[in-house]
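One structure is given here, and the rest of the page talks about it.
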Amino acid sequence: MKPPKTGIRRFRFTEVIVPANPGTIETPGLNKPLHKIPLGGKPAWSMQFDRLPKLLIEMELADGTIGLGECYRAHDRRLVDEIAGHLLGMDLAEIPLQALPIAACREYDGFECAAWDAFARHHDCRVVDLLGGPARTAVPVGAWTGQRESAAEAGEIAANCRKTGHDCIKFKCDLGDDVVAWARAVADAAPGMRVILDPNERWESPHQARSRIAALAEVGNVLCLEDPLPRWMLHEFARLRGQWPVAIALHVSLPYIVLGNQRTDAVLALLHGAVDGFNFNGSIRGMRQLTHLAELAGLPCWHGSEIDLGILEARYIHVAAAAATCVWPSDIFGRMVRSHDLLENPIRIEPPVAHLPDGPGLGVALDQDAVGEYRIESWEACA
């Protein structure tokens, strides 16, 4: 008996390391790693994200259709192999795309991406069509930079991004950064440019947050503060909202399983009246649930990222395009930061928007020459 055309017969895995372009993460000489998750016995915030491997997935069906996936950084090879062994031989047409038979883990989203891409390609439709069709064909996107030593440098970077068409820039920051001076410098150097400040919960206490927010309100160009305080302090998020006209956003990152992030964090934030909007990232299913929740609550959101490569960023555009409330600038700037996105044809980004790719599935293909340049290991699993 011949296997079904949509039977999963092979996985090809390629591990790559794609470094950031010089100077794009932070001021040269500054060393403030941004990988938030403890890894290999090392504590959080001890490794820079672009030094960690990424995994590309090619899921091949019996009819030759290939779906592309990409895992978040620092994947677990053992889990990848076990998941592949579990899925091989299954009929993709019989698997519920909204709930793949895979345990919750960071690797789930990479396999899910490949499955949705393969399914859509097999049926000659786009991933966004599987999500109900696009609410928009151009998704708002912003610029990004890490931490900077001087306000003048922050203003210069913002001005350069403004020249390319960006109307919003996101800064990573902690208590050692003079974010008020940064915001003033941006206002002077790039009038009209909005600013997102992301302390990643590192302002640590309401007292430390209040003094900064009061001054930022006077500058007036901050679109929102993302996770200014430790996320368990939702009651304090609500107090900050009530005191100053600076929007407060919560980042609900479902891949941060080890840090306890989960869908209900968004529900709790709404119950506390703690936020004006959200940064969401996670699986396709998780994103649909979260963006629908934001829509019901009448709040804006954007699609977050881990400064990824082209496959995941294409997936983000499909998901954000299908979400009516995804109107704040999404974190789709990997090609701006990293030395390559590994796509044959880059996603069409014309700031301040990224355009929905054409063609079936995700609408992207791998640049095999570039993949070979950045590859550190590859292997296959077959049915």
- Message: Could you go through region 237-246 and let me know if any residue there is at negative phi, aromatic (Phe, Trp, Tyr) and at pLDDT 95 or above.
- Response: yes
- Can you find even one residue in region 309-325 that is farther than 29 Å from His86 by Cα, assigned to a loop (DSSP other than H, G, I, E, B), touching a residue at least 24 places away in the same chain (Cβ under 8 Å) and out of contact with any strand residue (DSSP E or B) (no Cβ under 7 Å at 6 or more places or on another chain)? yes
- Looking at region 191-206, which of the residues that are assigned to a loop (DSSP other than H, G, I, E, B) and in contact with a strand residue (DSSP E or B) (Cβ under 8 Å, 6 or more places away or on another chain) is surrounded by the fewest Cβ atoms within 10 Å (Cβ to Cβ)? Asn200
- Say whether the condition of being modelled with pLDDT under 95 and not polar (S, T, N, Q) is met by at least one residue in region 371-380. no
- Item | Within region 3-21, tally of residues that are under 21 Å from the mean Cα position of the chain (by Cα) and assigned to a loop (DSSP other than H, G, I, E, B) | 4
- Task: Quick one: which residue in Leu343, Leu366, Leu296 is more than 26 Å from Gln262 (Cα to Cα) and surrounded by fewer than 21 Cβ atoms within 10 Å (Cβ to Cβ)?
- Result: Leu366
- Where Leu299 falls short, out of the listed (1) part of a loop (DSSP other than H, G, I, E, B); (2) modelled with pLDDT under 95; (3) hydrophobic (A, V, I, L, M, F, W, C): (2)
- Item | Positions within region 312-324 being of a type outside the set (Asp, Glu) and either crowded, with 23+ Cβ neighbours inside 10 Å or under 11 Å from the mean Cα position of the chain (by Cα) (or both), in sequence order | Leu312, Ala314, Arg315, Tyr316, Ile317, His318, Val319, Ala320, Ala321, Ala322, Ala323
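One line per residue, one yes/no per condition, for (1) over 22 Å from Val139 (Cα atoms); (2) touching a residue at least 24 places away in the same chain (Cβ under 8 Å):
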site	(1), (2)
Asn160	no, no
Ile169	no, yes
Ala181	yes, yes
Ala187	yes, yes
- Query: Is it the case that some residue within region 304-311 is polar (S, T, N, Q) and crowded, with 22+ Cβ neighbours inside 10 Å?
  - Reply: no
- Message: Given the options Pro101, Pro96, Pro53, name the one that is surrounded by 14 or more Cβ atoms within 10 Å (Cβ to Cβ) and of a type outside the set (S, T, N, Q).
- Response: Pro53
- Message: Return the pair list, or none, for Cβ contacts closer than 7 Å from residues in region 198-213 that are on the phi > 0 side of the Ramachandran plot to residues that are of a type in the set (A, V, I, L, M, F, W, C), at least 6 apart or on different chains.
- Response: Glu201/Leu229; Glu204/Leu175
- Return only the number of the condition from (1) crowded, with 18+ Cβ neighbours inside 10 Å; (2) not in a helix (DSSP H, G or I) that Ala158 does not satisfy. (2)
- Which of the following residues is more than 16 Å from the chain's Cα centre (by Cα) and at positive phi: Asp76, Asp124? Asp124
- Item | Yes/no for Leu290 being assigned to a helix (DSSP H, G or I) and without any contact (Cβ under 8 Å) to a residue 12 or more places away in the chain | no
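Table: residues versus (1) crowded, with 22+ Cβ neighbours inside 10 Å; (2) part of a loop (DSSP other than H, G, I, E, B); (3) of a type in the set (A, V, I, L, M); (4) touching a helix residue (DSSP H, G or I) at 6+ places or on another chain (Cβ under 6 Å).
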| position | (1), (2), (3), (4) |
| --- | --- |
| Cys224 | yes, no, no, no |
| Pro228 | yes, yes, no, yes |
| Trp232 | no, yes, no, no |
| His235 | no, no, no, no |
| Ala238 | no, no, yes, no |
| Arg241 | no, no, no, no |
| Ala249 | yes, no, yes, no |
| Val252 | yes, no, yes, yes |
| Gln262 | no, yes, no, no |
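The values are calculated or read from the model by the stated rules, or taken from the named source; none is laboratory data. What you see is a predicted model; the values in this text were computed from it and never measured. Methodologically, a virtual Cβ is constructed for each residue, glycine included, from the backbone with ideal geometry; neighbour enumeration extends over all protein chains shown.
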